[in-house]
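Report on one structure; see the data block that follows.
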Amino acid sequence: MLNRRLRVLRVAAQAIGCLAVFYGYVFWRIRPELFYQQKPHVFVLDLPFFRGFAARPGGIVDCVAAFLSPLLAWDWLGALMVTSLVALICGATRGLGPARAGADREAVCLLPAVLILMVLGQYLHPVSLCVGLGVTLLGANLYARLGTTRVGVRVAAFALGSLVMYFVTAGLYAIFACLCGCHEWQVQRRRWFGAACVACAAGLPYAASWWPFDLILRDAFRGLPLPAVEHWLSIPSSTPQAVAMHTAALTFPLVAAVLSSWRRQPATQAVSSPQDASDGRGTKADESETKTWRVRLAVPAAILLLFVLADLVAFDSAKRCLLEIESASEQRRWDEVLAWAHELPFPDERAFDPRILYCINRALYFKGQLLDRMFAYPQACSTPSLTLIHEDIDTTAHLTPQQCSEIFFDLGRVNESEQMAYEALEQCGNRPEVLKRLAQIYLIKGEPEAARRFLALLARTLLHRGWARQMLQQLDSDPAGPAPWLAAYRQIAVQRDSVGDAGNLERLLQGLLDRNPHNRMALEYLMAHYLLTRQTGKVFDNRHRLNGRDDARYPRHVEEALACHLATAGRKELEDHSKLIGPETWQRFVAFVDAERKSAGDPSAAFAALYPDFHDTYFFSLVFGHNIASLGAARRPE
């Protein structure tokens, strides 16, 4: 009895220690909030919402995942939720038999934590996977507890369990069926029944795709392959690696159960009596016990080593950086956006994706640094990285509807912001930030009843109900508008649609300035647009918009653009306007021109020579078309 208690305490301490390390790793290294950024579930507390899940196989798992996913919005709570699900999976794996296969094999039940940690390191959304796998393993454990009941009872139990498990977990039912088949084959010694269970793993989902659910084959096996993703950063950096980790996490309990069954003693083998066990073999038993304790002491160190190896092999630090930038931008934490921008993984092509550069430029504007420091960060000329608005509005609506809704809203183009918000709802579902934006748009447009529809939906959610109810209370007390910022915003908002200019950024920004010359964002974005499209002449022609005096100091990059323009203009124009530019800018411009002449005719050599000292200047991007080191001179304009 004492040895049994010590063994239980040792196993519990070992499991708690490893799960504590797992929790700390997820909290500090993975940051669960970044999963919420990819897929912010809106869980609504009403019956119609539940009915939508109950009408298809796997809907119950999806419903539970949708309920738990908002917890990822808080790092500590999300890490606790994921760790609890992993503890459930490890415990259910242990219940399938690995722990009874010998003292040296007890650590097997903790290996799913390592595999799921690798999945987390790839930033594949973990909740649906962990919930589905946990439910599947619990079902297999319940089936294994039937013991040695009659074969008819076991067949009926498997048939009923199959129907329930497939409806609850969809394609993950295949793991349940294979585990039941393994139990029947190896433990109960009913080979024909075990083979029939394994056959059902593929047969039942295939049959369900025809009747009664009428599903396509991928939906019938949903949960086994990698799920389809919506967020562009949810796409794995390496699909083969992600598929291998996902598959390993799903199939490991089955492999562990098979190996455990092979190590079992047959049920008919006689068990030695206690007298025989101790008669003349005390020394050998002591040696075996000593060896066992050595193995037990080595288990925690081995698991920690596997955690470290999993981090080295699977953790996608580049994707974390990009997700941090997008998450901080959506929540308007501008200092964090710029801090993470310095960590961008330049060898990764996603580091200079227009959607990342858009977040950086937006942060620079709200920090008052756009025209002074934008080229201190990655920039690519002649790309829609400033606003993500394309000339074809349909392309804009297809590629980046939510981001364009935000930028249209900030600029004052309310109707275009509304259109893009609805496009985002159509493509990505009920994202909370889009629902909030639509409510604000209708308040600005003086349509409080339309705003109430979105506020009422948010008021029934778990995570955003406080904000929505506060807005509804303010709306009840002041139907004209529940927030003081509405009056200030209506001064810059366009009251009428401007036909045909939504895809022409220059005309759009000029129209905003013509209506309200004090629209600071439209002004700075117009000048930044001229810089990125290398139109230094238009920077010169519109300099009066920045201030009313020629002797006033211009932002740094505007001065650099003016220097480039005046250097190619006539001598008289240079003499008349040379005082527009500070002496430091002139000195740096002259140094840049001299350094470029030394490498004339060799773009690659010029890029390498000029990059260390001038990559943060407009001169450099004007000549090479970008300031991204990993691209080199490949994008040098003709």
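The values are calculated or read from the model by the stated rules, or taken from the named source; none is laboratory data. Here the structure is a predicted model, which is why all the values come from computation and not from measurement. Neighbour counts run over all protein chains shown; Cβ positions are idealised from the backbone, glycine included.
Considering 93, 83, the condition of being of a type outside the set (A, V, I, L, M), surrounded by 23 or more Cβ atoms within 10 Å (Cβ to Cβ) and assigned to a helix (DSSP H, G or I) is satisfied by 93 alone.
Selection over segment 407-448 of residues that are in contact with a Pro (Cβ under 9 Å, 6 or more places away or on another chain) and among the aliphatic types (A, V, I, L, M) gives a count of 6. For segment 202-216, the candidate set comprises residues that are in a helix (DSSP H, G or I) and in contact (Cβ under 8 Å) with a residue 12 or more places away in the chain; within that set, the residue that is nearest to the chain's Cα centre (by Cα) is 205. If you go through segment 186-201 and keep only what is in a helix (DSSP H, G or I) and either in contact (Cβ under 8 Å) with a residue 60 or more places away in the chain or farther than 22 Å from residue 247 by Cβ (or both), you end up with 186, 187, 191, 192, 193, 194, 195, 196. With the structure loaded, tell me whether residue 167 is of a type in the set (Phe, Trp, Tyr), within 30 Å of residue 316 (Cα to Cα) and in a helix (DSSP H, G or I) or whether it fails that test. Criteria not met by residue 167. Looking at 222, 150, just one residue is in contact with a helix residue (DSSP H, G or I) (Cβ under 7 Å, 6 or more places away or on another chain) and in the same structural domain as residue 38 (by TED's automatic domain parsing), and that residue is 222. Here is a check on your reading of the model: is residue 242 surrounded by 20 or more Cβ atoms within 10 Å (Cβ to Cβ), within 34 Å of the chain's Cα centre (by Cα) and not assigned by TED's automatic domain parsing to the domain that holds residue 430? So residue 242 passes the test. Take the residues of segment 391-410 that are hydrophobic (A, V, I, L, M, F, W, C) and closer than 16 Å to residue 440 by Cα: which is nearest to the chain's Cα centre (by Cα)? So the residue we want is 404. Taking the condition in contact with a Ser or Thr (Cβ under 7 Å, 6 or more places away or on another chain) and either modelled with pLDDT under 95 or more than 30 Å from residue 163 (Cα to Cα) (or both), does residue 64 pass? No; evaluated as a whole, the condition is false for this residue.
Within segment 419-439, the residues that satisfy the criterion of being in contact (Cβ under 8 Å) with a residue 24 or more places away in the chain and either buried (at least 18 other Cβ atoms within 10 Å of the Cβ) or among the polar types (S, T, N, Q) (or both) are 420, 423, 427, 430, 431, 432, 434, 435, 436, 437, 439.
Only one of the listed residues (36, 23) is in a helix (DSSP H, G or I) and modelled with pLDDT under 95. That residue is 36.
Annotation: residue 12 fulfils all but one of (1) without any contact (Cβ under 8 Å) to a residue 60 or more places away in the chain; (2) touching a helix residue (DSSP H, G or I) at 6+ places or on another chain (Cβ under 8 Å); the unmet one is (2). Within segment 598-605, is there a residue that is modelled with pLDDT of 90 or more and within 43 Å of the chain's Cα centre (by Cα)? Looking through segment 598-605, none of the residues is modelled with pLDDT of 90 or more and within 43 Å of the chain's Cα centre (by Cα). Within segment 44-55, the presence of a residue that is basic (Lys, Arg), surrounded by fewer than 18 Cβ atoms within 10 Å (Cβ to Cβ) and closer than 27 Å to residue 92 by Cα is excluded. Answer yes if at least one residue in segment 119-127 is touching a His at 6+ places or on another chain (Cβ under 8 Å), β-branched (Val, Ile, Thr) and either surrounded by 19 or more Cβ atoms within 10 Å (Cβ to Cβ) or not assigned by TED's automatic domain parsing to the domain that holds residue 18 (or both), and no otherwise. Yes, because at least one residue in segment 119-127 is touching a His at 6+ places or on another chain (Cβ under 8 Å), β-branched (Val, Ile, Thr) and either surrounded by 19 or more Cβ atoms within 10 Å (Cβ to Cβ) or not assigned by TED's automatic domain parsing to the domain that holds residue 18 (or both).
Here's the yes/no breakdown for (1) in contact with an Asp or Glu (Cβ under 9 Å, 6 or more places away or on another chain); (2) loosely packed, with under 14 Cβ neighbours inside 10 Å; (3) assigned by TED's automatic domain parsing to the domain that holds residue 533:
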site	(1), (2), (3)
589	yes, no, yes
594	no, yes, yes
599	no, no, yes
606	yes, no, yes
609	yes, no, yes
615	no, no, yes
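Under the condition of being part of a helix (DSSP H, G or I) and touching a strand residue (DSSP E or B) at 6+ places or on another chain (Cβ under 9 Å), which residue from segment 354-387 is surrounded by the most Cβ atoms within 10 Å (Cβ to Cβ)? Within segment 354-387, the match that is surrounded by the most Cβ atoms within 10 Å (Cβ to Cβ) is 357. Looking across segment 136-167, the residues that are touching a residue at least 40 places away in the same chain (Cβ under 8 Å) and under 32 Å from the mean Cα position of the chain (by Cα) come down to 136, 137, 138, 140, 166, 167. Against the list (1) over 26 Å from residue 404 (Cβ atoms); (2) within 25 Å of the chain's Cα centre (by Cα), the condition residue 479 fails is (2).
Every listed requirement among (1) of a type in the set (Asp, Glu); (2) modelled with pLDDT under 90; (3) exposed (fewer than 13 other Cβ atoms within 10 Å of the Cβ) is met by residue 576 save one, (3).
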